[in-house]
1. Of everything in the stretch 247-260, what is surrounded by 14 or more Cβ atoms within 10 Å (Cβ to Cβ) and closer than 24 Å to S114 by Cβ? Give them in sequence order.
2. (1) away from ligand 3 (no atom under 15 Å from the Cβ); (2) touching a residue at least 60 places away in the same chain (Cβ under 8 Å); (3) in contact with an Asp or Glu (Cβ under 7 Å, 6 or more places away or on another chain): which one isn't true of Q128, the others all being true?
3. Taking the stretch 226-246, which residues are touching a residue at least 40 places away in the same chain (Cβ under 8 Å) and surrounded by fewer than 21 Cβ atoms within 10 Å (Cβ to Cβ)?
4. Answer yes if at least one residue in the stretch 128-146 is surrounded by fewer than 19 Cβ atoms within 10 Å (Cβ to Cβ) and assigned to a strand (DSSP E or B), and no otherwise.
5. Please give the strands (runs of 3 or more DSSP E) falling wholly within the stretch 1-109 in which 1 or more residues are farther than 26 Å from I294 by Cβ.
6. Filter the stretch 122-181 down to the residues that are within 16 Å of ligand 2 (Cβ to nearest atom), in contact with a helix residue (DSSP H, G or I) (Cβ under 8 Å, 6 or more places away or on another chain) and among the hydrophobic types (A, V, I, L, M, F, W, C) and list them by number.
7. Being more than 16 Å from ligand 3 (Cβ to nearest atom) and either among the hydroxyl-bearing types (S, T, Y) or loosely packed, with under 14 Cβ neighbours inside 10 Å (or both) is true for just one of S201, S159. Which residue is that?
8. Check whether at least one residue in the stretch 306-323 is more than 16 Å from ligand 2 (Cβ to nearest atom) and more than 24 Å from G177 (Cα to Cα), and report yes or no.
Amino acid sequence: MEIGIIGSGVIGLTSALALVKDGFNVTIVARDLPGDDGSQQWASPWAGAGILPYPESKGHDLQTETFKFYRALAHRDPTSGVQVVDVTEYYDGRNDDSTIWYKRMVPKYRLLPSKNLPANAKIGFKYQSMTVNPAVFLPWIKRLLDKKGVHFIRAEVKSLAEARSILKTPVIINASGLGAFDLAGDDKVIAVRGQTMLVESDSHEMVMFQGSHYTYQIPRMFSGGVILGGVSQPGNSDQDVDPDLRPDILRRMNAISNDRFRSVDLNKHVIADLVGFRPSRKGGYRLEVEDGIIHAYGFNTLGYTYSYGVALKVCELAKSLLAEKRALRSHL
Ligand SMILES: Cc1cc2nc3c(=O)[nH]c(=O)nc-3n(C[C@H](O)[C@H](O)[C@H](O)COP(=O)(O)OP(=O)(O)OC[C@H]3O[C@@H](n4cnc5c(N)ncnc54)[C@H](O)[C@@H]3O)c2cc1C
Ligand SMILES: *[C@@H]1O[C@H](CO)[C@@H](O)[C@H](O)[C@H]1NC(C)=O
Ligand SMILES: *[C@@H]1O[C@H](CO)[C@@H](O)[C@H](O)[C@H]1NC(C)=O
């Protein structure tokens, strides 16, 4: 059976992979494709990206499936750009780990004694997870899909009718992230600006501080550096690097890591500055069928963390949609 997908970000690509594994013939239409790493109109090349579950997020089952997928991939094929790393998380707005639902899912979870916490942190804990280097992973999965016979068509679609005429498939998946920046669509979707920098480092640890500020380091396999962040600016559409954010990120990161980056010179040791826009959605992500379309977008800061779980759900929705269509036809 044939399935069409609008969008070639991490959600569209992993959905395609799950669908071909189930025997579907998949065609993807997208404005931006893996390899177009300079375009800020899509989010996936700009992510850290850590597989980092979040306490107050929905879809624990989706995050659990994703965790299993990337963990297996890191062990099976390191050339995918996926790597197992130690994670340390700190929070200054939580007194205990009762909200950390994933402590039973991740390997090697342990709470840190309070004497080992950075200033102001109320809790800290360690576990194992994975990082994905998008610059390696996106081309890797594209090549895999090419080999499995997935068709890629580069086009920007302006309407559902146009998507149908390009894809010619009975089922269409809308994995368009922010969608078209300038077209009226889902008005709940908003871009949340992020800015990070890739700094020379041999650290293989992922560190995340959340609460009164949002600061992290995410190692990037095969790049010689770590991504330092974070910045979260809803409604800011400036695609240029804000130079004032660089020393601010570095200062926050040093404050939570015992000055790990004290010798970093921002004029010498920054490999790249990154500015990207997360596809956020008021009320959370959308993963449902409406009028014969499977919607899978709005994954905000957690697109990689949800990706393979979303892909499996998309597969399930596609099968029931096709079964419905068949039942309908047999009644005609
Ligand atoms: C700085 C930063 C750091 C991040 N860090 C992490 C992290 O550590 N962990 C994590 O899990 N997530 C992280 N994210 C979030 C993650 O990047 C996104 O949630 C994810 O990439 C969204 O994927 P997507 O496939 O939904 O959308 P996108 O990657 O935006 O892809 C959308 C696709 O749809 C296409 N498209 C859109 N409109 C049309 C149209 N009209 N016609 C044709 N094609 C269209 C685009 O061209 C593209 O191919 C981060 C994001 C940023 C910006
Ligand atoms: C898959 O679909 C494409 C385009 O619709 C078609 O050209 C191709 O022959 C199909 N492949 C298989 C194996 O059915
Ligand atoms: C697909 O999703 C986008 C949001 O990414 C939305 O703006 C658009 O209207 C949707 N397209 C269709 C055909 O439903």
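1. Initial filter on the stretch 247-260 (surrounded by 14 or more Cβ atoms within 10 Å (Cβ to Cβ)): 248-250, 252-257, 260.
Residues satisfying the conditions are R252, M253, N254, A255, I256, S257, R260.
2. (2)
3. Matches in the stretch 226-246: S232, Q233, P234, G235, N236, S237, D238, Q239, V241, D242, L245, R246.
4. Taking every residue of the stretch 128-146 in turn, at least one turns out to be surrounded by fewer than 19 Cβ atoms within 10 Å (Cβ to Cβ) and assigned to a strand (DSSP E or B).
5. Filter on the stretch 1-109 gives 82-91.
6. Matches in the stretch 122-181: L145, V150, F152, I153, A155, V171, I172, I173.
7. Result: S201 is the single residue among S201, S159 that is more than 16 Å from ligand 3 (Cβ to nearest atom) and either among the hydroxyl-bearing types (S, T, Y) or loosely packed, with under 14 Cβ neighbours inside 10 Å (or both).
8. Taking every residue of the stretch 306-323 in turn, at least one turns out to be more than 16 Å from ligand 2 (Cβ to nearest atom) and more than 24 Å from G177 (Cα to Cα).
The values are calculated or read from the model by the stated rules, or taken from the named source; none is laboratory data. For clarity, every value in this text was computed on a predicted model and none was experimentally measured. As a convention, Cβ positions derive from the backbone with ideal geometry for all residues, glycine included, and neighbour counts pool all protein chains shown.
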